[in-house]
Amino acid sequence: MKRSRFILIVLMLLAINVISPVYAQDDDTFVIGNLILVGDEGFRAEMTELGYVEGENVTYLYISYENYVPEEWQAEYEKQVKAMVDAGVDIFVANSDSDAVALKALVGDIPIVFARADDPVATGAVESLVSPGGNLTGIITNKPHERRLEVLTEIKPETKKVYYLYSAMTLEAGVVLEQVQTLAEELDVEIIPAPITTPEDYMKIVQNMPEDVDWVFLTPFVYFDEATFDALLAITEPRHIGITYIVDMPMPGYVMGYGPNLDDTGRQAARIIDRILRGASPADLPVETADNFLMINLEAAAASGIEIPESILRQANTIIRPGYFEALATPSS
Amino acid sequence: MFNSLRIRLTLLFIILTIVPLIVVGTLIARQGSNTLEDQSVDMQEQLARRTSISLGAFFTERQNELTVLTDVYGLGSMAPRAQKDILLTLLSKQPAYYELTLVQADGQETIRLTRGEVVTTSDLTNRAGDPLIQAAVETAEVSFSPVYFNEDARERLITMAVPIEDLFTGLTGQVLIAQVRFLTVQEAVLRNLGLAEGEDVYVVDNNGLVIAHRNPNLVLKETIFKLPGSNGRHVGLSDDDVVLAMNPIQLASQELIVVAETTYANATALASDLTERTMLITFAALLVTGAVVIFVVSRVVSPIIKVSRVAQAIQEGDYSKRIELNRKDEIGQFVTVFNAMTDQLHSLINSLEERVTERTREAEEARAKAEHADQVKSQFLAATSHELRTPLNAIINFTKFVSQGVLGPVNEQQVEALTKSVNSAKHLLNLINDVLDISKIEAGALQLYVESNVCLAEEMRAACTAGESLLEGKSVKMRMEVADDLPLLTGDKQRIRQILLNLVSNACKFTQHGEIIVKAQVDGDKVITMVKDTGPGIAPEDHEAIFETFRQTETGLSQGKGTGLGLPISRRLAEAHGGQVWLESKLNEGATFYVSLPIKPSHLKPTA
């Protein structure tokens, strides 16, 4: 009798356990090495929309710039990347194809998605745009530099000389320069190339800028520090020279920007990462094309005495009007 | 295993409970699955239709956009610079276009603006042979090209040709050509469908080529989907088992197909959930029922097993076992009655055993008394016979002496009287000898003097010789037949002769005429001796009685011959040798007595 009662109790408990299933929690957490400098907001927002919630099923690891020392940065960068790999990074997202190629040398076969590239085949990031072939894939711009040059001539039809600043250290710089120069010839515009190799070159380039240029044409990987940019503005504004940049992001002093929206490319990168995390191979994921957007900064244009035609303003996706940056800088009550 | 009542009852109850549950659950799950599959097809059809409407609206919107430019703003009559500006603005504001081109009626491009390459004047071409432009010019209707892949854009496009009417001539003066990006179809239509995991909606052309999909890679990879013939359950784009529906959309002469699919697992998730829950409930019910059944069966069967064990113990003679069960129900009553019955049985058997013991003891005592009495009787008879025989021998001998004149002369009359005295004394002596023998036999004191070379023929001859004296004055012939191969017997020669003498003398006494045949022959491992006479015979009812001591037939009693001990002694002596004595006879038909004696009886050893 005692034994049968014991069996009864055990089976009842088992039955209760059966009809009250405990569903296993999905404890898969992805680790993403997030090396995007600009556009991270859009990237993370899209990742969240795709179901990757930070702290729940995704962890982002970042490069720390707290102790940035230019001379020691390469070693520090490699050290931090290695720490990320040791921490079990599943996938990296990089700023550009050049960054991705450099990163590949450090991380091996871990998938890398680049958020921007002008010519990833030329940089060796991918074998082809349709079939990347390796562990790198990402987003290519849609020839923004040529159209940017054309827009400059539409803003200032008298444009004859463009001061073309580019990073000589990047792999695709020569290709892009060649494309721009080809169009410039058709538009009867002279491109004055200004290669940058070291940080010290920036100030020299600014100081050596020819007086009769109509535009300062910035290209990828050309980053001014505040002092140098102020020096640049001190020269360009009195001479009615406009500065143009590669993205549509509003920035003080930049008259025009044309290129991909970095939030959008961040979102695109997130969607590619989602496919990879769901099992797709980067080798089979074609490089996607980013749309271009036009930004016109009327405040900067006014400072440089440049009049923007209404037809261009109609084409602009973003128009920065005077007072915009002051409003941003003023804390809301 | 299935001989166990517990297991059989348990299995029976579980089967009766669970099988119907499983059957009902399976039927419900299957019915639910079929219904859900049908509903899912309906839902996918609605989704495909809705997407087609959105897709149609997307292209209608593009058509309206372009028509507003041409008809409202008068694109065709604007200055070239204004045309370019307005088209650039459209290209900038509306991502759906990859390229906008203004073409004269003769096919000459005047403006071409792309989202990628910058097109200069030198790049402009003449597209006079373009059938799309020709169709727009000829029909004055918006026409669409097939969907195609553009290498520069690296995406799939469809070209719309919008004719621009020359208001003065009424003819098509120019054509606005717009390349529409299917990538934006994906952005504008497919991404806003709010699809769940496992659901998919995409657009294919007539050949199944995927031209718009949430995953642009499938478009870039030129994925082909083999279109099924009907809506329903098929293999989906990702080779999954899906429920899909297709809905065509017509763009001028071009037909596109919107495919909406959801995985079969998704479509029947509710049924799967129902099945899973049914299985869980069934399993839980199995466990609960199993537990209850085991409990109930145990409650029923355990007392039966206990009763069985106690009954077995009783069968083996152990009446001390009782069933311990404290229950008030029918089984408790049964056990109580069984225990009471066992108590009664135990008491009864104890009583019987006591009675049997008592009776056995009494019987033993009676038997001992009887044996003692018999022994005393035998001893008495033996002693008495001995005491009688001694003086009787003296009487016989001295009477013989007297009759023979040893003690003085006797006359003939005296001799006759003395001779009668001697005969009577001899008769008495024989009687005493017989009594002595039967007494020894019954007292178990008979001892055989065993020899291994007893010649039966010789003993038969001696018996016949002795019997012939009894035949004086009778017309009876005695004949002896002995087989040549008669073997020597092992036995007591005197006792064998005594048997034969008894039988032969009986035959001689009771046979008045006719013949007496004494015959012996071998029969297997024994020798059978037959004494056949033509006397008065013996009634069948007396065949056994004559072998009882002191019992005689009517004939024997009427003739006053014999003591009634000869045949019992003969039978006992034959039996002492391992043989038998029997007869065949009918009244007035003579009698035949048989004696069988084993040639070499195994239980007799020659006396040393």
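The values are calculated or read from the model by the stated rules, or taken from the named source; none is laboratory data. Remember, it's a predicted structure, so these values are computed and weren't measured experimentally. Please note: Cβ atoms are built from the backbone with ideal geometry, for glycine as well, and neighbour counts cover all protein chains shown.
State the number of residues belonging to the stretch A:249-290 that are of a type in the set (Gly, Ala, Ser), touching a Ser or Thr at 6+ places or on another chain (Cβ under 9 Å) and within 30 Å of A:Glu326 (Cα to Cα).
Summing the residues that are of a type in the set (Gly, Ala, Ser), touching a Ser or Thr at 6+ places or on another chain (Cβ under 9 Å) and within 30 Å of A:Glu326 (Cα to Cα) in the stretch A:249-290 gives 3.
Within the stretch B:101-117, how many residues are of a type in the set (A, V, I, L, M, F, W, C), within 17 Å of B:Ser77 (Cβ to Cβ) and either in a strand (DSSP E or B) or modelled with pLDDT of 90 or more (or both)?
Counting residues in the stretch B:101-117 that are of a type in the set (A, V, I, L, M, F, W, C), within 17 Å of B:Ser77 (Cβ to Cβ) and either in a strand (DSSP E or B) or modelled with pLDDT of 90 or more (or both) gives 3.
I'd like the residue in the stretch B:305-330 that is within 25 Å of the chain's Cα centre (by Cα) and within 14 Å of chain A (Cβ to nearest Cβ) and, out of all such residues, is surrounded by the most Cβ atoms within 10 Å (Cβ to Cβ).
Step by step, filter the stretch B:305-330, then rank; the result is B:Lys306.
If you take the residues in the stretch A:233-251 that are aliphatic (A, V, I, L, M), more than 23 Å from the chain's Cα centre (by Cα) and not in a loop (DSSP other than H, G, I, E, B), which one is surrounded by the fewest Cβ atoms within 10 Å (Cβ to Cβ)?
A:Ala234
Given the conditions (1) of a type outside the set (Gly, Ala, Ser); (2) closer than 26 Å to A:Ile319 by Cβ; (3) outside any helix (DSSP H, G or I), which single one is not true for B:Lys84?
(3)
Suppose we filter A:Leu61, A:Leu37 for residues that are at pLDDT 90 or above and surrounded by fewer than 20 Cβ atoms within 10 Å (Cβ to Cβ); which single one remains?
That would be A:Leu61, the only listed residue that is at pLDDT 90 or above and surrounded by fewer than 20 Cβ atoms within 10 Å (Cβ to Cβ).
I'm trying to understand the selection: among the residues of the stretch A:107-129, which are modelled with pLDDT under 95 and touching a Lys or Arg at 6+ places or on another chain (Cβ under 7 Å)?
A:Leu129
Any idea which residue in the stretch A:157-182 is farthest from A:Val255 (Cα to Cα), counting only those that are over 25 Å from the mean Cα position of the chain (by Cα) and either buried (at least 19 other Cβ atoms within 10 Å of the Cβ) or without any contact (Cβ under 8 Å) to a residue 40 or more places away in the chain (or both)?
A:Thr182
With respect to A:Ile296, is the statement that it is within 26 Å of B:Gly116 (Cβ to Cβ), within 14 Å of chain B (Cβ to nearest Cβ) and buried (at least 17 other Cβ atoms within 10 Å of the Cβ) true?
Details: within 26 Å of B:Gly116 (Cβ to Cβ): yes; within 14 Å of chain B (Cβ to nearest Cβ): yes; buried (at least 17 other Cβ atoms within 10 Å of the Cβ): yes.
Considered against the rule, which asks whether it is within 26 Å of B:Gly116 (Cβ to Cβ), within 14 Å of chain B (Cβ to nearest Cβ) and buried (at least 17 other Cβ atoms within 10 Å of the Cβ), A:Ile296 comes out as yes.
Considering each of B:Leu604, B:Leu573 in turn, give the residue that is under 17 Å from B:Met460 (Cα atoms) and either among the hydroxyl-bearing types (Ser, Thr, Tyr) or not in a strand (DSSP E or B) (or both).
Matching residue, one of B:Leu604, B:Leu573: B:Leu573.
Might you let me know whether the stretch A:274-285 holds any residue that is outside any helix (DSSP H, G or I) and buried (at least 16 other Cβ atoms within 10 Å of the Cβ)?
Residues of the stretch A:274-285 that are outside any helix (DSSP H, G or I), as a first pass: A:278-281, A:285.
From the residues that got through so far, the ones that are buried (at least 16 other Cβ atoms within 10 Å of the Cβ) too are A:280, A:285.
Yes.
Limited to the stretch A:299-333, what total is found for residues that are part of a loop (DSSP other than H, G, I, E, B) and more than 14 Å from every other protein chain (Cβ to nearest Cβ)? Walk me through it before giving the result.
Keep residues of the stretch A:299-333 that are part of a loop (DSSP other than H, G, I, E, B), which gives A:304-309, A:316-317, A:321-323, A:330-333.
Going one step further and asking which of them are more than 14 Å from every other protein chain (Cβ to nearest Cβ), we end up with A:304-307, A:321-323, A:330-333.
Matching residues across the stretch A:299-333 total 11.
Filter the stretch B:171-200 down to the residues that are more than 14 Å from chain A (Cβ to nearest Cβ) and farther than 23 Å from A:Val130 by Cα and list them by number.
Result: B:Leu171, B:Thr172, B:Gly173, B:Gln174, B:Val175, B:Leu176, B:Ile177, B:Ala178, B:Val189, B:Leu193, B:Glu199.
Here is a check on your reading of the model: is B:Leu69 closer than 26 Å to B:Val147 by Cα and within 14 Å of another protein chain (Cβ to nearest Cβ)? So that I can check it myself, show each step before the final result.
Working: closer than 26 Å to B:Val147 by Cα: yes; within 14 Å of another protein chain (Cβ to nearest Cβ): yes.
Answer is yes for this residue.
Being small (Gly, Ala, Ser) and not in a loop (DSSP other than H, G, I, E, B) is the filter here; which residues of the stretch B:438-453 pass it?
Selection gives B:Ser439, B:Ser452.
Considering only residues of the stretch B:219-244 that are β-branched (Val, Ile, Thr) and within 14 Å of chain A (Cβ to nearest Cβ), which is farthest from the chain's Cα centre (by Cα)?
B:Val219
Mind checking which strands (runs of 3 or more DSSP E) fall wholly inside the stretch B:215-266 and carry at least 3 residues that are buried (at least 16 other Cβ atoms within 10 Å of the Cβ)?
Of the strands (runs of 3 or more DSSP E) lying wholly inside the stretch B:215-266, those with at least 3 residues that are buried (at least 16 other Cβ atoms within 10 Å of the Cβ) span B:241-251, B:254-263.
Condition first: in a strand (DSSP E or B), touching a Phe, Trp or Tyr at 6+ places or on another chain (Cβ under 9 Å) and more than 10 Å from chain A (Cβ to nearest Cβ). Now tell me which residues in the stretch B:141-157 satisfy that.
The answer is B:Phe144, B:Asn150, B:Arg156, B:Leu157.
For the stretch B:158-194, enumerate the residues that are part of a loop (DSSP other than H, G, I, E, B) and surrounded by fewer than 21 Cβ atoms within 10 Å (Cβ to Cβ).
Across the stretch B:158-194, the qualifying residues are B:Asp166, B:Leu167, B:Phe168, B:Thr169, B:Gly170, B:Leu171, B:Gly194.
Give all pairs with beta carbons closer than 9 Å in which a residue from the stretch A:123-144 that is within 14 Å of chain B (Cβ to nearest Cβ) meets a residue that is of a type in the set (S, T, N, Q) and in a loop (DSSP other than H, G, I, E, B); count only pairs at least 6 apart in sequence or on separate chains.
If the second residue must be of a type in the set (S, T, N, Q) and in a loop (DSSP other than H, G, I, E, B), the pairs left are A:Gly138/A:Ser96.
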